[in-house]
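Read-outs: derived from the displayed coordinates by stated rules, not from any lab. For clarity, every value in this text was computed on a predicted model and none was experimentally measured. Reconstructed Cβ throughout: ideal geometry from the backbone, glycine too, with neighbour counts over all protein chains shown.
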Amino acid sequence: MKVKEKGHTLIITSNEETLQEFIEKLSQQYESSFKKSNLVIDLTTATFQMNEVEIEQFATIAIPHMEEVNKSFVLVIEGIDFNEYDEDLVVVPTLQEALDLIEMDEIQRDLGF
C-alpha cells in the first residue's frame, strides 16, 4: 500500500496481490493513520480483478468514515459502470474527479450542509 498526502486528503494506492489483502491492510491502519483525513482509494493501477461484490467490501470502512467521522471516502476505478454501485459508495473514474468531489464536500461542510 502506498499513501500520498495532498492537503487534507490521503491518496491510497494498492500494490498488494489481492483485494482482500489490500482491504485488510487498510483496515489495520485505519484508526491510527487514516481516520482523520479524506480518503481516496485509487485502484486504477491495481493488479487484481474487481467486481461489484468485491468493491462492496469497502462499505465497512467507507460508510462509517463518511457518516460518523464526516470525511470523504472516494474509490477511483476505471472502466466500470458507476451506476451499478450502491449509493453509499462513491465511485469515480479518475483521480482528478475524486479530488474535485472532495473539494466540493469540504466546501459543503464549511458552509454547514
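To the nearest 20 Debye, how big is the dipole of the chain about its Cα centre, given +1 on the beta carbon of each Lys and Arg and -1 on that of each Asp and Glu?
Numbers: 8 positive and 24 negative charges, 129 e Å.
Using Cβ point charges on Lys, Arg, Asp and Glu, the chain gives about 620 debye.
What are the ³J(HN,Hα) couplings of the range 56-66, residue after residue, when phi is run through the Karplus curve with 6.51, -1.76, 1.60 and θ = phi - 60°? Round to Hz, x for glycine and proline.
Per-residue couplings from phi come out as 4, 5, 5, 4, 5, 9, 5, 5, x, 4, 7 Hz.
For the range 27-98, what does the convex hull of the Cα positions come to per residue, in cubic angstrom? Intermediate values should be presented prior to the final figure.
Working: hull volume 7.0 nm³, N = 72.
Convex hull of Cα atoms, per residue: 98 Å³.
Tell me what the chain gives for mean residue ellipticity at 222 nm when only DSSP H runs of n ≥ 4 count, each as -39,500 (n - 2.57), the sum divided by the residue total, rounded to 500 deg cm²/dmol. Kindly include the intermediate steps, with their values, before the conclusion.
Numbers: 4 runs with 41 residues, N = 113.
The helix contribution divided over the chain gives -10500 deg cm²/dmol.
Please report the net charge: other residues with Cβ closer than 12 Å to the Cβ of H8, K and R +1, D and E -1.
-1
Testing the spin-label approximation: label points 7 Å from Cα along Cα→Cβ at E106 and T44. State their distance in nm.
Between E106 and T44, the label points sit 1.9 nm apart.
To the nearest 10 degrees, how steeply does helix 95-111 sit against the main Cα axis of the chain, on a 0 to 90 scale?
Taking Cα atoms only, the helix is inclined about 30 degrees.
Please report the antiparallel percentage of the DSSP beta bridges confined to the chain, to the nearest 5. Could the numbers behind the result be given before it?
Numbers: 5 of 17 bridges.
Bridges in the chain are about 30 percent antiparallel.
What is the log10 of I(q)/I(0) for the range 1-63, computed with the Debye formula using one identical point scatterer on each Cα and no solvent, at q = 0.19, 0.27 Å⁻¹?
Results for the range 1-63 at q = 0.19, 0.27 Å⁻¹ read -0.70, -1.38.
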